[in-house]
Every structure is written in C-alpha cells, then in structure tokens.
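The values are calculated or read from the model by the stated rules, or taken from the named source; none is laboratory data. If you're wondering where the values come from, they're calculated on a predicted model, not measured in any experiment. Because the Cβ atoms are built from the backbone with ideal geometry, glycine has one as well, and the counts that use them run over all protein chains shown. Just the protein is used for accessible areas: all its heavy atoms, side chains included, with ligands, DNA and RNA removed. Shrake-Rupley method; radii C 1.70, N 1.55, O 1.52, S 1.80 Å.
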Amino acid sequence: MNDFSSGTQAAVLILFTTLVTVTLMMCVMAGPDRDDLTNFYTGYLSLTPLKNGLAIAGDYISAATVLSTTGIIALAGYDGYVLAVSTALSLVLLMFLLAEPLRNAGRFTMGDVLARNMPGRAVRVAACVVTLSATLPFLVVQLSGAGSLLTFILNMPHVAGARTACIVIVGSLMIIYAAIGGMRGTALIQMIKIIILLGTSLVVAALVLNRFDWSPGGVLRAAQQGSGAGPAFLEQGLQLGTSTLDRLDFVGLQITVVLGVACLPHITMRLYSARDVPAVRRSMSWAVGTVTTFCLLVIIMGTGAAALVGSRYITAADPQGRASVLMLSQVLGGAPDSAGSTILYSAVAGMVFITLLSSVAGMTLAAASSLAHDLFAHAARRGQAEPRTEMTVAAWTSVAVGTVAIGLATVVQHWDVGVLTTLAICIGASAVAPALTYSLFWRGFTRTGLLATLYGGAACAMVLMVFSKAVSGTPSAVFPDADFALFPMQSTGLVSIPFGYLAGWLGSRSDRRHRAADSRESRRLYEESEARLLAAAE
C-alpha cells in the first residue's frame with residue numbers, strides 16, 4: 001500500500017531535514033559548558049514541572065510504544081489493549097511509589113541511588129553493567145526498526161544498502177544529541193517529540209472516529225471484521241495463545257511491563273532534573289496525564305488500523321504490524337496524490353522519525369552517563385575525577401555506545417529483534433526494580449544482597465530469554481528453524497522477577513562473614529537519611 005507519488009516522498013524528505021536541522025540547533029544552543037557536570041546530567045535543574053513532565057513522557061514513550069503497541073492492537077485486539085493499559089500503569093506506579101524517594105536519594109545516575117547506603121566500586125560497576133544490559137537491547141531494536149521503517153516511509157525497501165544507511169544516519173544523530181546536548185538538550189528534543197506525537201495522534205484518532213460517525217462501537221465492529229478474527233478480537237489469546245500456559249505467559253508479560261518499563265535507567269534519570277520534591281510531583285502528574293492520553297490514542301489508532309486497513313494488508317507489509325499507523329494514514333488521507341493525503345502521511349512519517357531520534361538519544365545519554373559517572377569517575381577514579389575530564393569521558397562514551405549499537409543493529413537488521421525489547425523490560429523488572437525498592441525501603445538490605453539482585457535478576461532474565469519460545473521453537477521466533485527452547489514462555493517475568501527479589505533477600509540474610517559489620521553500616525546510613533529519603537525532611 002506504500003504507493004505515494006514522488007511529491008509525497010519529497011515532502012517527507014523536506015520534513016525530515018527540517019526536524020533534524022531544528023533539533024540539532026536546539027541541542028547546540030542548550031548544550032552544557034565543558035566543565036559543568038550539573039548542567040550536563042540535570043540541565044541545571046532549570047526545567048519547569050510542565051517541561052520536565054513532557055520530557056519524562058517523551059523518554060517514556062519509545063518507538064516501540066508508538067509502533068509495536070499500535071501493531072499489536074491492530075492484529076491482536078484485546079491483548080494489545082491490555083498492553084497499552086499496562087504501559088500507562090507502569091508510570092503511575094513510578095509516580096506513587098518511587099519518584100519522590102528516587103529524587104531525594106539520587107544525583108545523576110541509578111548508581112548514585114544504589115551507592116547511597118552501600119558505597120564501593122563493586123556497586124558502581126554492577127549498576128553500570130545492568131544499565132548497559134537494559135539500554136543496549138533497546139537501542140539495537142530502535143535502530144534496527146529505524147532502518148526498516150524509514151526505507152518503508154521513503155518507499156525504497158528494496159534498494160541495496162538503504163536500510164544500513166538509515167541505521168547509520170539515525171545512529172549518528174543520536175550520538176550528536178547525547179554528546180552535545182546533555183540532559184537539557186535531549187529534554188528539548190523530547191518535548192518537541194511529545195507535542196508532535198500528541199498532536200498528530202489526536203488528528204489521526206479523530207479521523208478514525210469521524211469515519212464511523214464518532215461511534216466507538218462501530219469502530220470495534222469493523223475491527224473485528226477487518227482483523228479476520230471475529231469476536232476473538234475482543235478476547236485474550238490472539239497474541240500468545242489460549243492455553244493455560246499461554247495465559248500465564250500473558251499475565252507474566254503484563255506484570256513485567258508494569259514493574260519494568262518505568263524502572264529503566266533512561267526513565268529514572270529524568271527524575272533527577274527536577275529541582276525539588278514538589279517539582280517532581282508536578283512533573284510526574286504532567287507525565288502520567290500525557291502518557292495516559294497517548295495510550296488512549298494508541299488504542300483508537302490500532303483499532304482503526306484493524307478496521308480500515310485490515311490484518312491481511314498489515315501483516316503483508318510487516319508481520320509484527322509496526323507499519324500499521326503509517327498504512328492507516330494512507331487510508332485516511334484519501335487519494336494518494338491529494339494534498340490531504342500528502343499532509344497526513346508526511347505528518348505521521350515525521351512523528352515516527354522524531355520518535356526514533358529522541359528515543360535512541362535518551363537511551364544513549366543514560367548509558368554514557370553510567371559509564372562516565374559510575375564506572376570511570378567513581379569505580380576507576382574513586383570519585384576524584386575532574387569535572388572537565390568526566391565531561392570529556394561522557395562525550396566519548398556516547399560515541400562508543402552509539403557505535404556499538406549501530407554495529408549490532410546493522411548485523412541483526414534482517415532479524416526479528418523485537419525480543420530484545422522484552423529482554424530489556426525483563427531486566428528492568430527483574431534487576432532494577434528489586435534493587436531500587438529494597439535500597440529505598442528495606443533497612444536490612446546489604447551490599448551482598450544488592451549485587452545478588454542486580455547480577456542474579458539480570459542473568460536470570462537473559463538466560464531464560466535465550467532458551468525461551470521467543471528465540472526458537474516457534475514460527476514467530478527469532479530463529480524459527482531452530483529449536484533449543486527449554487523455557488516454555490515468551491516473557492521471563494513470572495520466574496525472573498521473583499528470582500531477583502529472592503536473590504536480594506537471600507544475599508542480605510546469608511552474608512555470614514560480613515553480615516554484622518555490613519548490616520550495621522548499611523542500616524546506620526539508611527536511618528540517617530530515611531527522613532530525607534521518604535519525606536524530603538532534613
């Protein structure tokens with residue numbers, strides 16, 4: 001269905017060039033001084049609650065949320081609806097449970113929070129390892145998706161080297177954004193992205209409802225027919241199956257999303273840019289409202305794609321349905337050569353493009369910050385690094401992280417790497433979430449327990465994912481012709497999340513050799529900072 005004229009493709013290219021030019025200029029203008037760490041990591045704490053809330057929402061809504069969730073709704077109906085609701089609930093959980101303690105306990109990175117009561121090189125190294133484990137898979141997925149989607153948008157999917165070129169271009173831009181713009185520069189990009197995203201999605205959703213005389217029931221009935229699933233479109237099971245094990249897998253996936261998405265390092269890092277606790281409360285209110293609104297629009301757009309495009313055409317363009325929102329804009333725009341069609345398709349294409357750019361920039365900044373601040377400044381230099389030196393290292397680690405991500409995305413560009421998104425969220429839910437909740441709310445949590453949680457939860461998620469049905473043994477797996485699946489689910493959450501919490505508890509309770517001194521010191525540090533941590537009291 002991607003049959004637009006050269007005029008439409010020219011309009012898309014002009015829009016892409018404009019977005020890149022504007023965002024690069026904003027990054028350069030907002031970039032930090034060469035020796036100002038606070039500006040680089042937090043943007044001088046200068047963002048208002050509204051701006052910071054929009055930036056949090058922008059970081060939170062990745063290209064996977066925009067494209068994959070819309071595609072799942074279009075193809076699987078009910079399963080996609082629950083996924084969209086779970087995505088919104090995850091940020092609500094962060095708002096009410098972790099946001100204020102994280103703002104009080106942290107400074108620049110997740111490592112600062114974890115090392116608050118348990119200082120030491122081992123904790124910093126573990127925090128950096130887990131941060132990279134959670135962000136690199138996301139980066140590879142986003143860049144690989146950027147290659148395939150941009151070639152689809154520009155109508156050159158069969159041009160040799162086109163996908164690789166798109167991956168390299170997007171990856172190079174993300175390196176520049178992270179290295180030059182820092183927290184404030186990437187925040188400005190996130191704000192631009194979320195405004196474009198909400199505005200464009202609102203128009204598309206309104207056009208969908210207008211097609212059916214503003215009747216949600218009419219849209220659902222047409223979606224049931226267009227999906228080819230009939231009443232099953234509004235029942236659980238189209239995505240993962242209907243057996244008892246499949247239903248457990250579905251529940252595990254939703255729990256993983258709720259616990260894991262909002263705990264990813266590039267999301268929690270945004271909280272440290274709020275100037276104080278009241279500001280972080282208001283920022284999270286704006287972020288939750290924005291994300292909830294967008295998830296509602298995603299549900300309408302996904303249902304509209306099923307109703308107006310149909311699953312047969314969607315899966316023909318992309319088996320995972322990631323092109324559904326683009327195909328929906330083609331149908332809603334009318335005749336391919338009309339002005340309305342050109343404007344709508346260009347707007348949606350621009351929305352996808354800025355989402356890809358901003359998502360990878362925020363993740364790159366989080367990974368580079370952890371390498372520079374946790375690994376270099378604290379683990380290697382024991383907290384004695386000069387600000388100018390740490391800034392230089394942060395810039396070069398942005399280049400290193402981006403280069404590795406570009407290389408990996410190029411290698412796997414022809415694979416179905418959506419499983420890496422699930423892996424990253426599983427690591428967030430199985431390692432980061434237990435480590436943060438224990439560190440913030442349990443006085444008896446020790447260094448051994450923290451290391452066991454971080455390494456144990458992450459390792460469990462990785463091992464189970466490698467041997468899961470998502471990687472081999474099924475037609476939709478990464479390697480459909482191989483079968484080494486020993487774990488009978490596609491999400492590891494039902495096992496790896498309890499394992500992460502259990503590892504932290506056992507590690508804290510069974511550290512016989514250092515238990516007395518370690519526990520007393522950790523408990524003393526926790527009690528000294530408990531009032532400020534939980535209530536922002538001095």
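Tabulated results
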item: Residue 270 vs. criteria within 27 Å of residue 85 (Cβ to Cβ), under 24 Å from the mean Cα position of the chain (by Cα) and open to solvent by 10 Å² or more (accessible area, probe 1.4 Å); result: no
item: Condition check for residue 280: in contact with a Lys or Arg (Cβ under 8 Å, 6 or more places away or on another chain) and part of a helix (DSSP H, G or I); result: yes
item: Candidate set: the range 365-380, residues that are modelled with pLDDT of 90 or more and open to solvent by 10 Å² or more (accessible area, probe 1.4 Å); chosen: the one nearest to residue 168 (Cα to Cα); result: 371
item: Matching entry among 206, 232, 223, 187 (being touching a residue at least 40 places away in the same chain (Cβ under 8 Å), surrounded by fewer than 20 Cβ atoms within 10 Å (Cβ to Cβ) and of a type in the set (Gly, Ala, Ser)); result: 232
item: Output for the range 446-505, where each listed residue is part of a helix (DSSP H, G or I), within 20 Å of residue 415 (Cα to Cα) and without any contact (Cβ under 8 Å) to a residue 60 or more places away in the chain; result: 463, 464, 465, 466
item: The one condition in (1) within 22 Å of residue 425 (Cα to Cα); (2) in contact with a helix residue (DSSP H, G or I) (Cβ under 7 Å, 6 or more places away or on another chain) that residue 118 fails to fulfil; result: (1)
item: Tally of residues being outside any loop (DSSP other than H, G, I, E, B) and either without any contact (Cβ under 8 Å) to a residue 12 or more places away in the chain or crowded, with 17+ Cβ neighbours inside 10 Å (or both) across the range 235-263; result: 16
item: Test: residue 400 is in contact (Cβ under 8 Å) with a residue 60 or more places away in the chain and assigned to a helix (DSSP H, G or I); result: no
item: The one condition in (1) open to solvent by 20 Å² or more (accessible area, probe 1.4 Å); (2) farther than 22 Å from residue 462 by Cα; (3) in a helix (DSSP H, G or I) that residue 136 fails to fulfil; result: (2)
item: When residues of the range 67-82 are limited to those that are crowded, with 24+ Cβ neighbours inside 10 Å and aliphatic (A, V, I, L, M), the one farthest from residue 357 (Cα to Cα); result: 76
item: Test result for residue 347, surrounded by fewer than 22 Cβ atoms within 10 Å (Cβ to Cβ), over 20 Å from the mean Cα position of the chain (by Cα) and within 21 Å of residue 189 (Cα to Cα); result: yes
item: Where residue 122 falls short, out of the listed (1) modelled with pLDDT under 90; (2) of a type in the set (A, V, I, L, M); (3) more than 26 Å from residue 420 (Cβ to Cβ); result: (1)
item: The range 414-462, subset among the hydroxyl-bearing types (Ser, Thr, Tyr) and under 30 Å from residue 319 (Cβ atoms), residue farthest from the chain's Cα centre (by Cα); result: 430
item: The lone exception for residue 417 - which of (1) modelled with pLDDT of 85 or more; (2) closer than 22 Å to residue 173 by Cα; (3) surrounded by fewer than 22 Cβ atoms within 10 Å (Cβ to Cβ) it fails; result: (1)
item: Residue within the range 311-318 that is in a loop (DSSP other than H, G, I, E, B) and either surrounded by fewer than 21 Cβ atoms within 10 Å (Cβ to Cβ) or in contact with a His (Cβ under 8 Å, 6 or more places away or on another chain) (or both) present; result: yes
item: Out of 321, 383, 334, 362, sole residue that is assigned to a helix (DSSP H, G or I) and either of a type outside the set (A, V, I, L, M) or open to solvent by 10 Å² or more (accessible area, probe 1.4 Å) (or both); result: 362
item: Selection within the range 300-319 - small (Gly, Ala, Ser) and modelled with pLDDT under 90; result: 316, 317
item: Enumeration of residues in the range 160-184 that are of a type in the set (A, V, I, L, M) and either touching a residue at least 24 places away in the same chain (Cβ under 8 Å) or open to solvent by less than 20 Å² (accessible area, probe 1.4 Å) (or both); result: 162, 167, 168, 170, 173, 174, 175, 176, 178, 179, 180, 183
item: Any hit, the range 386-402, residues being among the hydroxyl-bearing types (Ser, Thr, Tyr), in contact with a Leu (Cβ under 9 Å, 6 or more places away or on another chain), at pLDDT 85 or above and open to solvent by 10 Å² or more (accessible area, probe 1.4 Å); result: yes
item: Residue within the range 455-469 that is farther than 23 Å from residue 126 by Cα and open to solvent by less than 20 Å² (accessible area, probe 1.4 Å) present; result: yes
item: Residue selected from the range 97-114 under the condition open to solvent by less than 10 Å² (accessible area, probe 1.4 Å) and of a type in the set (Gly, Ala, Ser), by the criterion farthest from the chain's Cα centre (by Cα); result: 111
